[in-house]
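The values are calculated or read from the model by the stated rules, or taken from the named source; none is laboratory data. From a predicted model like this one, the values you see are computed outputs, not experimental measurements. Every residue, glycine among them, receives a Cβ derived from its backbone with ideal geometry; neighbour counts consider all protein chains shown.
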Amino acid sequence: MKQRILSAALAAAFLAAPAAALAQDTDLAKRVEQLAAELEKVKAELAAQRAQAAAAPAQPVQAAQPVQPAVTAPAAAAAAAPAAALASDTVFSGYGEVNYNHPVRNASGAQTDLRRAVIGIQHRFDEKTKVVAEFEWEHAIASAEDSGESAIEQMYVEREFNNGLRGKAGLFLMPVGLLNQNHEPTAYYGVERNFVETAIIPTTWREAGIGLSGEFGDGFTWDTGLTTGFDLTKWDPASGEGRESPLGAIHQEGQLAKSRNLAVHGALNWRGVPGLLVGGSVFTGEAGHKTPDFAGNDARVTMAELHTRYTPGAWDLSALWAYGRISNTEALNATFVGNPTPVPSSFAGWYLQAAYKLWQNADYALTPFARFESFNTARTYAQVPAGLGVPTAPYERVGTVGANLMIGQGVVLKADYQKFREDKTLDRVNLGVGFAY
Amino acid sequence: MRYVPLTVLAACAVTAPAFATQYLSPEQAEKLMFPEADAFRPHPLALDTAQMRQVEQASGLPTRSAQWRVVGAYKGDTLLGYMVLDDVIGKFELISYAVGLNPDATVRQVEILAYRESHGSEIRLPAWRRQFVGKSARSGDLRIGAGINNISGATLSCTHVTDGVRRIAAVAQVALAR
């Protein structure tokens, strides 16, 4: 009897087990549903709180506009989320490139170089105040025995004022040309940066000082500032550096920069038609710094340029003209007689470039381009007594054809061929890889 | 004489016209997009997995989120369209923008609510934003270089906003269009 009862109980237990498990499952499902509902409620509360927070900074703007009907406020407020909360206050960025140059008439001159590696840090203190810094290493290794260098490319604080103007102070890039402020390898065509914007405009050209930017409306933006300028006492008439880039040879880059003479700059750009940019800039400042026993104290460096870029559809067309002048160099050049590189009184250049996005899929975009440049780093010299001068340089004309292959938005492979009209020994094939993020 | 530039800079800073980084509130944007509307109602949108897949196919971009901030604009009981709020990263910083859509999921208007980058605020220009009007995820021309022209010096901001608008147009086509 006992056995029967036991077996019946066991059988009942076995039979009941799935039913109990089912009951438990149902219970669990209910609890999950409850939890989900509670989560939704918490989410809704959080969204409402965020909407309130987001609505708060918008109020000053609202005040300047016609008052909205009360019924509109809750709808948009409920839909709005705090944009600022999604972004980090501190953003890291970087870019770099490795280039290979192969002179076609001098294979032994072939060279591979980690041209530059740059780390950028931007930190936002509040909605209107931030600091931007870029740290750069060129040519892979910087030490006493190596030819690399390490530099701070930019470091400035920027504040936006209530009237929409942006003021900055520190070391910043001059608003000059097409390349100087947009110099990441993904932003330009060709393995090497163009000659006009390296030999005539000394990209990446930065000065220490203060700057102000704003808008006129209708697509006009302007920049102006008061900064350090060039230091003509650095000119070395015995080296060829001044022939490569007159301003590159005397720039100060915020390094114990002589500041007896300051420089002013102004730039105006118009982007009123989608795809079109037309602009120009002027920079001027004395470069002698009242240095004792220096013959070039009255010298003034002036740089002016005009640029345009038009990107209709798959085309990317650009043109730039730049003209530099160093005035009052007669007395200084008289002290350089016998040297190969006196100070030029003018240098200039221009280029035309056309690129066409030939092919694109989700991951890759192939853009062939052609560029023609003409530039002269020693266009004229101030007059010196007959027989003591150095002949002016001819205009070098360089044709470049090649292609950029973008991989996603941040990586670029480049290949091009450059033909030099004057110094044909420089003709070369270039390959490069670059990235920017 | 030496201090003239400094004086000019200071004068500019004091006398310039008034506007700020936050250009529009969502309420102002919806009123700009649908001036004839007399009511705006939240229309929270949650996409299911199948819809998210359709959005990815239509836009060629990851859907990024299942939840979308949508407001419906009404005149009486008639639906005039929707406004979708979104943020994208420009180069380093967030751009907050709103896309106005007609009931048939074509773009009605694009407004930039907040722009925080140092360069490229020209994406606020009406001429640039007008390029989006009338286009849809179906028309295939909501792309930089194919229907939308770039702004020089603001390539990343233009690309990311254009991608964002295309994604929203696809969301509208999949989940809102009538």
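B:SER139 meets the conditions (1) surrounded by fewer than 24 Cβ atoms within 10 Å (Cβ to Cβ); (2) modelled with pLDDT of 90 or more in every case but one. The failed one is (2).
Can you tell me which residue in region A:135-152 is surrounded by the fewest Cβ atoms within 10 Å (Cβ to Cβ), limited to those that are of a type outside the set (S, T, N, Q) and touching a Phe, Trp or Tyr at 6+ places or on another chain (Cβ under 9 Å)? Outline the logic, then answer.
Initially, region A:135-152 is screened for residues of a type outside the set (S, T, N, Q), giving A:135-142, A:144-146, A:148-149, A:151-152.
Subsequent filtering for residues that are touching a Phe, Trp or Tyr at 6+ places or on another chain (Cβ under 9 Å) retains A:148-149, A:151-152.
Numbers: A:GLY148: 15, A:GLU149: 12, A:ALA151: 18, A:ILE152: 15.
Out of the qualifying residues, it is A:GLU149.
Checking each residue in region A:160-188 for being closer than 24 Å to A:LYS357 by Cα and out of contact with any Asp or Glu (no Cβ under 8 Å at 6 or more places or on another chain) picks out A:GLN181, A:ASN182, A:HIS183, A:GLU184, A:THR186, A:ALA187, A:TYR188. If you go through region B:96-104 one residue at a time, do you hit one that is without any contact (Cβ under 8 Å) to a residue 24 or more places away in the chain, surrounded by fewer than 23 Cβ atoms within 10 Å (Cβ to Cβ) and over 30 Å from A:SER93 (Cα atoms)? Yes: one or more hits. Determine, yes or no, whether A:ALA354 is within 14 Å of chain B (Cβ to nearest Cβ) and under 30 Å from B:SER59 (Cα atoms). Spelling it out, it is not the case that A:ALA354 is within 14 Å of chain B (Cβ to nearest Cβ) and under 30 Å from B:SER59 (Cα atoms). Quick one: what pairs do we get from region A:335-351, first residue on the phi < 0 side of the Ramachandran plot, second modelled with pLDDT of 95 or more and of a type in the set (Asp, Glu), C-beta under 6 Å, 6+ apart or different chains? Close Cβ pairs (under 6 Å, with a partner that is modelled with pLDDT of 95 or more and of a type in the set (Asp, Glu)) amount to A:TYR351/A:GLU373. Taking the residues in region A:233-288 that are in a loop (DSSP other than H, G, I, E, B) and acidic (Asp, Glu) as candidates, determine which candidate is nearest to A:ALA299 (Cα to Cα). Once the filter is applied, the top-ranked residue is A:ASP236.
Would it be correct to say that A:THR291 is within 30 Å of A:ARG271 (Cβ to Cβ) and either crowded, with 17+ Cβ neighbours inside 10 Å or touching a residue at least 40 places away in the same chain (Cβ under 8 Å) (or both)?
Values: within 30 Å of A:ARG271 (Cβ to Cβ): no; either crowded, with 17+ Cβ neighbours inside 10 Å or touching a residue at least 40 places away in the same chain (Cβ under 8 Å) (or both): yes.
No; evaluated as a whole, the condition is false for this residue.
Is there a residue being modelled with pLDDT of 95 or more and in a loop (DSSP other than H, G, I, E, B) anywhere in region A:396-418? Checked against the condition, which is being modelled with pLDDT of 95 or more and in a loop (DSSP other than H, G, I, E, B), region A:396-418 yields no hits at all. Here region A:177-191 is the region considered, the condition is being touching a residue at least 60 places away in the same chain (Cβ under 8 Å) and either part of a loop (DSSP other than H, G, I, E, B) or surrounded by 24 or more Cβ atoms within 10 Å (Cβ to Cβ) (or both), and the residue that is nearest to the other protein chains (Cβ to nearest Cβ) is A:LEU178.
Among the residues examined, A:SER327 does not qualify as surrounded by 18 or more Cβ atoms within 10 Å (Cβ to Cβ) and modelled with pLDDT of 95 or more. Might you check whether a residue that is in contact (Cβ under 8 Å) with a residue 60 or more places away in the chain and touching a Lys or Arg at 6+ places or on another chain (Cβ under 9 Å) occurs anywhere in region A:209-220? Scanning region A:209-220, I find no residue that is in contact (Cβ under 8 Å) with a residue 60 or more places away in the chain and touching a Lys or Arg at 6+ places or on another chain (Cβ under 9 Å), so the answer is no.
Do the conditions hold for B:LEU79, that is, is it more than 12 Å from chain A (Cβ to nearest Cβ), of a type in the set (A, V, I, L, M) and assigned to a strand (DSSP E or B)? Taking the combined requirement at face value, the residue satisfies it. State whether the residues of region A:190-213 include one that is modelled with pLDDT under 95 and aromatic (Phe, Trp, Tyr). No: region A:190-213 contains no residue that is modelled with pLDDT under 95 and aromatic (Phe, Trp, Tyr). Residues that are buried (at least 20 other Cβ atoms within 10 Å of the Cβ) and either part of a loop (DSSP other than H, G, I, E, B) or without any contact (Cβ under 8 Å) to a residue 60 or more places away in the chain (or both) within region B:156-178 comprise B:CYS158, B:THR162, B:LEU176, listed in sequence order. Exactly one residue among B:ALA66, B:ALA73 is more than 7 Å from chain A (Cβ to nearest Cβ) and at pLDDT 95 or above, and that residue is B:ALA73.
When A:GLY338, A:GLY288 are checked against the criterion of being in contact with an Asp or Glu (Cβ under 7 Å, 6 or more places away or on another chain) and not polar (S, T, N, Q), a single residue qualifies: A:GLY288. Summed over region A:147-176, the residues that are at the interface with chain B (Cβ under 10 Å from one of its Cβ atoms), among the hydrophobic types (A, V, I, L, M, F, W, C) and assigned to a strand (DSSP E or B) give a count of 1. Does A:THR221 satisfy the criteria of being within 14 Å of chain B (Cβ to nearest Cβ) and either on the phi < 0 side of the Ramachandran plot or not acidic (Asp, Glu) (or both)? When the stated conditions are applied, A:THR221 passes them. Scanning region B:84-140 for residues that are under 28 Å from A:ALA436 (Cβ atoms), assigned to a strand (DSSP E or B), in contact with a Gly (Cβ under 9 Å, 6 or more places away or on another chain) and within 12 Å of chain A (Cβ to nearest Cβ) turns up B:ASP86, B:ASP87, B:VAL88, B:ILE95, B:TYR97, B:TYR115.
Here's the yes/no breakdown for (1) over 31 Å from the mean Cα position of the chain (by Cα); (2) of a type in the set (Val, Ile, Thr):
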{"residue": "A:TRP270", "(1), (2)": "no, no"}
{"residue": "A:VAL273", "(1), (2)": "no, yes"}
{"residue": "A:LEU276", "(1), (2)": "no, no"}
{"residue": "A:GLY285", "(1), (2)": "no, no"}
{"residue": "A:HIS289", "(1), (2)": "no, no"}
{"residue": "A:THR308", "(1), (2)": "no, yes"}
{"residue": "A:GLY324", "(1), (2)": "no, no"}
{"residue": "A:THR341", "(1), (2)": "yes, yes"}
